[in-house]
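S.K.: Could you have a look at this structure, given as structure tokens, before my questions?
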Amino acid sequence: MDYRRLGSTGLRISRLGLGCGNFGGIGSASAFFGMGETEAQAFDLMDRAFDAGINFFDTANAYGGGSSETYVGRWLKAKGSAVRQQLLLSSKVYNPVGPGPNDRGLSRRHILQQLDESLARLQTDRLDMYLIHEPDPETPLDETLQTLDDVVRMGKVIYVGASNIEAWRLARGLWISDKRNWCRFEWVQNSFSLLDRAPEREMFPLCADRGVGFTAYSPLAGGWLTGKYQSKGTYPQGSRMTLRPEPYRHLERDDVFRGLAALAEEARARGVEMGALAIAWVLHHPRVDAAIIGPRTAAHFDAVLASTTIDLSDEDGPRLAALFETGVT
């Protein structure tokens, strides 16, 4: 496993991070709590990830209604302090965790309460990496940033970042932190893949200019880049397109399916899995420090792990991207 510095920090992270969003549920949606990986299946995936050299696990307070953090915490307790010292824990705050008006968002109250609950579930005294899961337009950014600065000074969090954030809001946040001498967002965790290249327009230039790191989630575009979707409507039972298809409906186009077929040919010619080639393309981008993977089985894990061994040339990157030029967002 290769490692890279996260942005301008001294923290070295593995090129792949284990996404724990399916532990005990499927993401933050309450309709899917109790689905996803069981605790035993999650333990097996964490064992495989740690043995492969993956040194950061990415979870969130709302994943599986708290089950994800609970599973990670129990796994850490079983493994002992030596593993905890090697592992970087990343969690998030923002999404609803209850029915009350203050059970969501990025207010000072909610962050402080949820951070303590995350630490309790994870059975640790600190989070190495802590992300706002989404921006909160109803809470002043100053309030959120001051609270994050406070929890860093308390020693409960070491590095803070932002997920699903726009470039303009990140720029404003960096300016506020610089002006107030508060800790800043050290990295961004946004979607990036062959089918979602939005960060290339504004986010990557900003990150390069300000020395902000970037970790890519959904490098397989919700499974679209694995080869499981070959034509409209022919979707495997239990896949995202049968459970929560709304975020991916815009991909149900002939040009996208043609691009997928071409990518499958590229993968066959190299003797690799299509998904591994897609993740290798993400990792090849100079602005990407790591990609978050969410394998559901041991076979999935082996396939995505192979992405770190695929060597792409400077010409390969644009050529593979061109397969989807008319289909990307």
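S.K.: Grab the strands (runs of 3 or more DSSP E) fully contained in the range 154-226, keeping just those with 2 or more residues being among the hydroxyl-bearing types (Ser, Thr, Tyr) and touching a Leu at 6+ places or on another chain (Cβ under 8 Å).
M.R.: By residue number, 157-163.
S.K.: Between residues in the range 170-191 that are among the acidic types (Asp, Glu) and residues that are open to solvent by 30 Å² or more (accessible area, probe 1.4 Å), which pairs lie under 6 Å by C-beta distance while being six or more apart or on different chains?
M.R.: Close Cβ pairs (under 6 Å, with a partner that is open to solvent by 30 Å² or more (accessible area, probe 1.4 Å)) amount to 186/159.
S.K.: Please give the helices (runs of 4 or more DSSP H) falling wholly within the range 262-322 in which 1 or more residues are within 13 Å of residue 16 (Cα to Cα) and of a type in the set (A, V, I, L, M).
M.R.: Passing ranges, in order: 274-284, 298-305.
S.K.: Still on this structure, please answer the following. Any residue in the range 98-118 that is in a loop (DSSP other than H, G, I, E, B), open to solvent by 10 Å² or more (accessible area, probe 1.4 Å), under 24 Å from residue 4 (Cα atoms) and in contact (Cβ under 8 Å) with a residue 24 or more places away in the chain? Working first, answer last.
M.R.: Keep residues of the range 98-118 that are in a loop (DSSP other than H, G, I, E, B), which gives 98-107.
Those still in the list that are open to solvent by 10 Å² or more (accessible area, probe 1.4 Å) too: 98-104, 107.
If we keep only those that are under 24 Å from residue 4 (Cα atoms) too, we end up with none.
No.
S.K.: From 48, 74, 84, 121, grab the single residue that is touching a Gly at 6+ places or on another chain (Cβ under 9 Å) and either in a strand (DSSP E or B) or open to solvent by 10 Å² or more (accessible area, probe 1.4 Å) (or both).
M.R.: Matching residue, one of 48, 74, 84, 121: 121.
S.K.: So which of 67, 90 is touching a strand residue (DSSP E or B) at 6+ places or on another chain (Cβ under 7 Å), open to solvent by 30 Å² or more (accessible area, probe 1.4 Å) and not in a loop (DSSP other than H, G, I, E, B)?
M.R.: 67
S.K.: Give the range 54-64 a look and list any residue that's assigned to a helix (DSSP H, G or I) and open to solvent by less than 10 Å² (accessible area, probe 1.4 Å), or say none.
M.R.: 64
S.K.: Next up: Residues in the range 142-157 that are under 22 Å from the mean Cα position of the chain (by Cα) and either free of Cβ contacts under 8 Å to residues at least 40 places away in the same chain or at positive phi (or both): how many?
M.R.: 4
S.K.: Return the total of residues in the range 227-261 being part of a helix (DSSP H, G or I) and polar (S, T, N, Q).
M.R.: 1
S.K.: Could you run through the range 124-152 and say how many residues are open to solvent by 60 Å² or more (accessible area, probe 1.4 Å) and in contact with a helix residue (DSSP H, G or I) (Cβ under 7 Å, 6 or more places away or on another chain)?
M.R.: So the count comes out to 2.
S.K.: Report the residue count in the range 157-186 for those that are open to solvent by 60 Å² or more (accessible area, probe 1.4 Å) and of a type outside the set (A, V, I, L, M, F, W, C).
M.R.: The number of residues fulfilling the criteria is 6.
S.K.: Go through the residues of the range 198-210 one by one and say whether even a single one is surrounded by fewer than 20 Cβ atoms within 10 Å (Cβ to Cβ), of a type outside the set (Phe, Trp, Tyr) and within 17 Å of residue 129 (Cβ to Cβ).
M.R.: no
S.K.: Is it the case that residue 269 is of a type in the set (A, V, I, L, M), closer than 20 Å to residue 322 by Cα and without any contact (Cβ under 8 Å) to a residue 12 or more places away in the chain? Please lay out each step first, then the result.
M.R.: Details: of a type in the set (A, V, I, L, M): yes; closer than 20 Å to residue 322 by Cα: yes; without any contact (Cβ under 8 Å) to a residue 12 or more places away in the chain: yes.
In short, yes.
The values are calculated or read from the model by the stated rules, or taken from the named source; none is laboratory data. Predicted model, so just to flag it, every value in this text is computed and none were measured. Methodologically, a virtual Cβ is constructed for each residue, glycine included, from the backbone with ideal geometry; neighbour enumeration extends over all protein chains shown. These accessible areas exclude ligands, DNA and RNA; they are computed on the full protein's heavy atoms, side chains included. Shrake-Rupley method; radii C 1.70, N 1.55, O 1.52, S 1.80 Å.
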